[in-house]
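The values are calculated or read from the model by the stated rules, or taken from the named source; none is laboratory data. Please read these numbers as outputs of a predicted model, since none were measured by experiment. Using ideal geometry, Cβ is built from the backbone for each residue, glycine included, and neighbour counts are taken over all protein chains shown.
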Amino acid sequence: DTGVSQDPRHKITKRGQNVTFRCDPISEHNRLYWYRQTLGQGPEFLTYFQNEAQLEKSRLLSDRFSAERPKGSFSTLEIQRTEQGDSAMYLCASSFSLAEPAKNIQYFGAGTRLSVL
Amino acid sequence: KNQVEQSPQSLIILEGKNCTLQCNYTVSPFSNLRWYKQDTGRGPVSLTIMTFSENTKSNGRYTATLDADTKQSSLHITASQLSDSASYICVVRRGGYNKLIFGAGTRLAVHP
């Protein structure tokens, strides 16, 4: 499978616990994005990387959230001291930045569904 | 404010019928507009992508239109199939920015 893969697919945790999600992008893609999606809404941008550099962070990304892409390949998204409001689907996407903007398609993973009890 | 609004919020049609989904946006400057299909529990999959100069683009039974003057787009689905049941999300890329602005989606249910 050469698509974007995310792990785990589902995560149930208790309020106050830390959780970490992993995303493996399509291998030749240099850009990686994290989104959050709640029920009935479209995805909301959280952050993105070009190679290992984190170039933009949304104001939605509070100080409890941190993302890394240490070697410019896979990425992790960690949420510390989870709150019930963090319950959502966390989507990862990747793209190839050298393509012209109209062809810069983001390919999404299946997401990690987080439930905070 | 840069926003993407979609209508209707949900739609039920019978298998074999056609339907049209609407998207209005206030994103400026405009770079391109995409339609994504998202099956339940899955990530969105790109259907079409259109730039300012493109008025229409087809992908099989899906045809997207774009009116950049009125900032409206539509997605027309022909001869619907049960597998078309999904959320269809309109997404606009703002010129000069890398992040996408997503609409809330239209949830389509195709019934036999």
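When you go through (1) touching a Gly at 6+ places or on another chain (Cβ under 7 Å); (2) assigned to a loop (DSSP other than H, G, I, E, B) one by one for residue A:62, which number turns out not to apply?
Result: residue A:62 passes all but (1).
Those residues that are under 13 Å from residue B:92 (Cβ atoms) and of a type in the set (A, V, I, L, M, F, W, C), I need them from the stretch B:1-20; list them, please.
Restricting attention to the stretch B:1-20, the residues satisfying the condition of being under 13 Å from residue B:92 (Cβ atoms) are B:1-6.
Within the stretch B:1-20, B:4 is the sole residue that qualifies.
On the given criteria, is residue B:34 basic (Lys, Arg) and part of a loop (DSSP other than H, G, I, E, B)?
Numbers: basic (Lys, Arg): yes; part of a loop (DSSP other than H, G, I, E, B): no.
No: the conditions fail for residue B:34.
Looking only at residues in the stretch A:54-71 that are touching a residue at least 12 places away in the same chain (Cβ under 8 Å) and among the small types (Gly, Ala, Ser), which one is farthest from the other protein chains (Cβ to nearest Cβ)?
A:66
Just to be sure before I move on: is residue B:93 in contact with a helix residue (DSSP H, G or I) (Cβ under 9 Å, 6 or more places away or on another chain), within 13 Å of chain A (Cβ to nearest Cβ) and either crowded, with 18+ Cβ neighbours inside 10 Å or among the acidic types (Asp, Glu) (or both) in the structure I sent?
Here the answer is yes, as residue B:93 does meet what is asked.
Looking only at the stretch A:94-111, decide whether some residue is more than 24 Å from residue B:103 (Cβ to Cβ) and at pLDDT 90 or above.
Within the stretch A:94-111, not a single residue is more than 24 Å from residue B:103 (Cβ to Cβ) and at pLDDT 90 or above.
Within the stretch A:9-31, how many residues are modelled with pLDDT under 95 and not in a loop (DSSP other than H, G, I, E, B)?
1
Does residue B:46 qualify as being modelled with pLDDT of 95 or more, within 14 Å of chain A (Cβ to nearest Cβ) and within 23 Å of residue A:44 (Cβ to Cβ)?
Considered against the rule, which asks whether it is modelled with pLDDT of 95 or more, within 14 Å of chain A (Cβ to nearest Cβ) and within 23 Å of residue A:44 (Cβ to Cβ), residue B:46 comes out as no.
Out of (1) at the interface with another protein chain (Cβ under 10 Å from one of its Cβ atoms); (2) closer than 22 Å to residue B:34 by Cα; (3) crowded, with 17+ Cβ neighbours inside 10 Å; (4) not aliphatic (A, V, I, L, M), what's the single condition that is false for residue A:41?
(3)
Quick check on this structure: which one of B:105, B:95 is modelled with pLDDT under 95, among the small types (Gly, Ala, Ser) and within 28 Å of residue A:60 (Cα to Cα)?
B:95
In the set B:78, B:63, B:51, which member is touching a His at 6+ places or on another chain (Cβ under 6 Å), farther than 24 Å from residue A:89 by Cα and surrounded by 13 or more Cβ atoms within 10 Å (Cβ to Cβ)?
Testing whether each residue is touching a His at 6+ places or on another chain (Cβ under 6 Å), farther than 24 Å from residue A:89 by Cα and surrounded by 13 or more Cβ atoms within 10 Å (Cβ to Cβ) leaves just B:63.
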